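The values are calculated or read from the model by the stated rules, or taken from the named source; none is laboratory data. Note that the structure is predicted; figures quoted are calculated from it, not measured. Using ideal geometry, Cβ is built from the backbone for each residue, glycine included, and neighbour counts are taken over all protein chains shown.
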Amino acid sequence: MESVEDTDILRLQILSQPPSAQELNVGFHKVMRNTMYKWAKGKGFDINPVTFNANIFWLRGQGMKISERMVAVLIFVRRPRPRGDEGAKGTAAVTTVQEEPPSKGIIRSPKAGGGTTESWFECQVGEMILLHSGERVLLREDAGKDRDICFYCIAHRTI
């Protein structure tokens, strides 16, 4: 995958991910592997069974593009939040659960005869989208203060 501008996207590599993210990767492949293979065959290509890339991305600016001969599943997760003053001066940290606003973005897809087409999306935590070769995920300008997207990305090479 390529980022449009490196300053617009932060990546948490697999070795730095919490155990819950690693479990998501394993669980996803156990549950969705056959579904993904059938989908790819229906589109006329095969997916390499080895995961090419599994990362958590926090998209805060322009967007990112899926490289040629790739397919990527994006699973939307909670956005990172500042930790605050947890446990300072011997006090117990207080945790509050806040409602996560939807992730708003655009999928820009290349057309066969040139040019592009755009589809808008609005996803909640846990929802997934599938991107393939040449598609780009971008932030929507109308997203207001919640103009960022955080997702777990599982990418495969196509063969």
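Here are a few things to note about the model shown:
- Pair list, Cβ < 8 Å and 6+ apart or interchain, from the stretch 52-78 residues that are in contact (Cβ under 8 Å) with a residue 40 or more places away in the chain and under 19 Å from GLU122 (Cα atoms) to residues that are in a loop (DSSP other than H, G, I, E, B) and among the basic types (Lys, Arg): TRP58/ARG79; ARG60/ARG147
- Considered as a group, the residues in the stretch 8-34 that are among the polar types (S, T, N, Q) and surrounded by 13 or more Cβ atoms within 10 Å (Cβ to Cβ) include one that is modelled with the lowest pLDDT, and that residue is GLN17.
- Yes/no for LYS41 being surrounded by 16 or more Cβ atoms within 10 Å (Cβ to Cβ), at pLDDT 85 or above and not hydrophobic (A, V, I, L, M, F, W, C): no
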